[in-house]
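Participant: I have a structure I would like to understand better, so I am pasting it below and will then ask my questions one at a time.
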Amino acid sequence: MKSICLAAALVLTSLSVHAQGTKIAIINSNQFSAETGGITKLVNAYKALDIEFKSTADDLQATNQKLIAVTNEINDLHKKISANPPNVKDLQAQYDQKVDEGNYLEISFKRKQEDAKAKYEKAEKIKTDPIIKEISDAIDAYAKARGYDMVLDGTKLDALMAYNPAMDVTDAFIKDFNAKSAGVPIKP
């Protein structure tokens with residue numbers, strides 16, 4: 001463990017020596033889609049996706065509720081059968097029918113869920129890829145305009161142990177982006 005810490009310290013020391021004079025900024029890309037303080041175009045694109053897929057989500061939720069209800073009925077019938085009542089054959093027939101219904105609902109639910117996921121991902125790509133490209137270009141322009149040699153995505157820096165919070169320009173970038181792209185329609 002000590003050798004790993006020593007090696008990490010040596011790497012950080014060598015990076016700081018080579019990075020002297022290098023102007024670095026950190027941007028937290030997770031903040032881009034935040035409802036409050038996020039990139040308006042991206043937030044609006046996700047809101048539009050939520051509206052577009054609301055009926056699909058409602059349908060999935062309804063199917064899941066039916067599946068839960070059938071599972072509860074199966075469990076109740078199983079308890080009744082376990083008590084070995086005189087009408088056990090009738091209960092067994094009901095049980096078998098409910099198991100078949102539950103299997104059908106489960107398969108149906110999984111198919112609907114997979115279809116919805118594929119359709120959502122396709123629609124998400126269509127709606128957000130142009131915005132993400134615009135954001136990427138804007139980050140490049142933002143960095144050049146402010147003299148940054150490097151901009152790092154803070155969400156992808158698992159090994160980052162400490163940094164000066166002044167390096168985080170997320171809020172400033174988002175404000176700049178929103179001001180420059182306000183009211184500009186999304187390109188299809």
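Read the figures in this text as sums done on the coordinates, not as results from a lab. Treat the numbers as computed from the prediction; the structure is a model and nothing was measured. Methodologically, a virtual Cβ is constructed for each residue, glycine included, from the backbone with ideal geometry; neighbour enumeration extends over all protein chains shown.
Participant: Report the label-to-label distance for residue 64 and residue 132 in nanometres (one decimal), using points 7 Å from each Cα along the Cα→Cβ vector.
Facilitator: Between residue 64 and residue 132, the label points sit 2.4 nm apart.
Participant: May I pose another question? Excluding residues fewer than 8 places away in the same chain, name every one of the lysines whose C-alpha is closer than 22 Å to that of residue 66.
Facilitator: 54, 79, 80, 98, 110, 112, 117
Participant: Roughly how many whole Å is it from the C-alpha centroid of region 125-169 to that of region 47-70?
Facilitator: The two parts, judged by their Cα centres, are 35 Å apart.
Participant: Now for a separate question. At 7 Å along Cα-to-Cβ for each site, give me the label-to-label distance between residue 121 and residue 164 in nm.
Facilitator: 4.2 nm
Participant: Give the long-range amide H neighbours of residue 168: residues separated by 5 or more places, or on another chain, with amide H under 5 Å away, using H modelled in the peptide plane at 1.01 Å from N.
Facilitator: Long-range HN contacts for residue 168: 26.
Participant: Another one. Kirkwood hydrodynamic radius, region 43-128, all distinct C-alpha pairs: what's the number in Å?
Facilitator: On the way: mean 1/r = 0.0660 Å⁻¹.
Result for region 43-128 stands at 15.2 Å.
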